[in-house]
Amino acid sequence: VPGSDGAAPPGAAARPGELWDVVLLTAADAAQAGAFREQLAEKLRRGQLPRNVRYLVCADPPGPRIGNGGSTLHALRCLEEQYGDQWTSFTVLLIHSGGYSQRLPSASALGKIFTAVPLGDPVYQMLELKLAMYIDFPRHMKPGVLITCSDDIELYSTGATETITFDKPGFTALAHPSDLAVGTTHGVFVLDPSSFSGTGGVEYGSCYRFLHKPDVETMQQSGAVCVRRDHPQLSSPGSRGDSDTAPECVYTDSVFYMDHSTAKQLLLFYKQMGTLCCEIDAYGDFLQALGPGATPDYTKNTSNVSKEDSGLVGVRQQLYSLLQGTALNVIVLNNSQFYHIGTTQEYLFHFTAESKLRFELDLQPVAFSIFPDTAKSLDQLSIIQSILEPGCVIGPGSVIEYSRIGPEVSVGKGSIVSGSCIYFSVDIPSNCFLSSVSVKVTDRVEYVTMAFGVGDDLKRSVKLLSDIRSLRFFGASFPECLDLWSIEASDQLFSSGDTSLGLWTARIFPVCSTLSESVRISLNMLNAVQHKSAFKLSGFQLLSVEEMLTYKDVEDMLRFRKQIYDEICLQRQKEKSDF
């Protein structure tokens, strides 16, 4: 990774053309945008980001959610408003970072793009990792926009003479060999066989048709399945095992580029539409319109859609007629791997198990932390910018980030502890998820800690109160948990009113005056569920995860992280002067 081995540090100034003109982060709302701006300012102050780049944060407009496709259109408008005609000559890196991260809620308050990676000193976050991975792209790119997500990592190797160039009109997408199971959850390219041989590190070809999350049968019938002759070990990125698979593969999507004139066309379309009232997908709804084999059938298929909104089919049809006939160029990276770390399971697997990603990036078991020799642990763990006192025990397969762990704490296996301060005697159970958030409900800072099982589904919701039986919290049925905590099940229990009743909107987490106390009380809740013993939550103000994000105090959370950072730096200096 550039900057990690005596090469130019990330903060170094670069010559024009070597860096992005703009790095744009999308945000779900104004509050999230504020959190992103604060963190960018802090990184720039510390010299952790290239200085000669414009950083822009663009919040989705208020109102119904518009999906990452809508965010892309809105971001193009922000670029024009911010830079006027200047942006016609810009290379732009657009990172979709506006999700609420319900599948990895430790990233919800400060954003997935600011997820720490166990690498570097001080630690990299996903943003720096993305900039490092794409460091060669801007100098081989005509003006336009490269679109990527905030929770995936693409690693590739190319020959000494091979470069990745984005200079063609229309769209250009990177393609990675994956097994068929991975294809069912991604976009899949049906490559034009005449333009593609399946050998060599980097191949430029054209795409006949793009399939969005197809089933295996569709992939086979449409000619998307290829046989790999030169790659004995094709592993399934993002999946659990890094095992050998059959040489059959499909080429799946990750990052894509559109040249400036295509971006301009989309912006014009967005302006003419006025307001967008439905969720559109930058992958499914833009790329499925491209290539000579595209058909409009997908515009009516709403089975993959989280919410079928008013006018979705109409908007898709308009996009289809706008983009139809536009080229979809594909850069096939035969020696590449795509990793997703957007869920608790993937996060734990890639950071603590013997994963290929851990090996390839040389992820550290202990990154930028104070970790005494006497702390009991095994290699299979990940400690990130945290301070651990002698005597604590961390179980294998667990991740501790931005936390202070006292001497009488033991953490079980496969748990995640984020942003917490634990200085009392406690056994944290295995497969437990703890993440603390600073909140300002009134004018003073208070603390709430969300506690779940790592496998709990925070996206799941029901419409009727009588159906909350089907929700599971740390292995128990939700109504059973409410009884143990002496909380009455009613519509008032959920912050969303009576529209979506789920763990995300359930007001069950107590607001406390100190960070340590909030962790203690939330652990008592888990303990009650685990041992089927009562723990009354009466007398506390209770918030849902949804409300924690509304009331979050980003400044206080960053202050806590900075104290840990400063303490580690001090300790480093002390160690140096002791030699």
Extension reserve of the ASP443-THR199 stretch, reckoned as 0.36 nm per residue once the Cα distance is removed: 81.6 nm
Cα-centred dipole magnitude for the range 469-573, charges only on beta-carbon of K, R (+1) and D, E (-1), debye, nearest 20: 380
Neighbour net charge for SER150 - beta-carbon separation under 9 angstrom, K R +1, D E -1: 0
FRET efficiency estimate (nearest 0.05) - Cβ-Cβ, GLN318 to CYS569, R0 60 angstrom: 0.65
Extension gain, HIS140 back to GLU217 (0.36 nm per residue minus Cα-Cα distance, nm): 24.0 nm
With DNA, RNA and ligands ignored, accessible area of THR161 (1.4 Å probe; Å², nearest 10): 130
Percent carbon-and-sulfur accessible area, the chain, ignoring ligands, DNA and RNA, probe 1.4 Å: 51
For peptides 336-342, 441-447, sequence by mean Cβ density within 10 Å, most packed first: 336-342, 441-447
Protection proxy ranking, peptides 289-295, 448-454, average beta carbon neighbours within 10 Å, highest first: 448-454, 289-295
Rounded tilt (10° steps) of 260-273 against the dominant C-alpha axis of the chain: 70
Segment PHE269-ARG559, length gained on full extension (0.36 nm per residue, minus Cα span): 100.1 nm
Rounded to the nearest 20 debye, dipole of the range 375-565 from Cβ charges on Lys, Arg, Asp, Glu: 240
For the range 480-522: accessible area per residue (Å², 1.4 Å): 36
Degrees, to the nearest 10: 312-323 long Cα axis against longest axis of the chain: 40
In degrees, nearest ten, helix 30-45 long axis to first principal axis of the chain (Cα): 90
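The values are calculated or read from the model by the stated rules, or taken from the named source; none is laboratory data. Owing to the predicted nature of the structure, the values given are computational and were not obtained by experimental measurement. Cβ coordinates were reconstructed from backbone atoms using ideal geometry, including for glycine residues, and neighbour counts include every protein chain displayed. All accessible areas refer to the heavy atoms of the entire protein, side chains included, with ligands and DNA or RNA removed. Shrake-Rupley method; radii C 1.70, N 1.55, O 1.52, S 1.80 Å.
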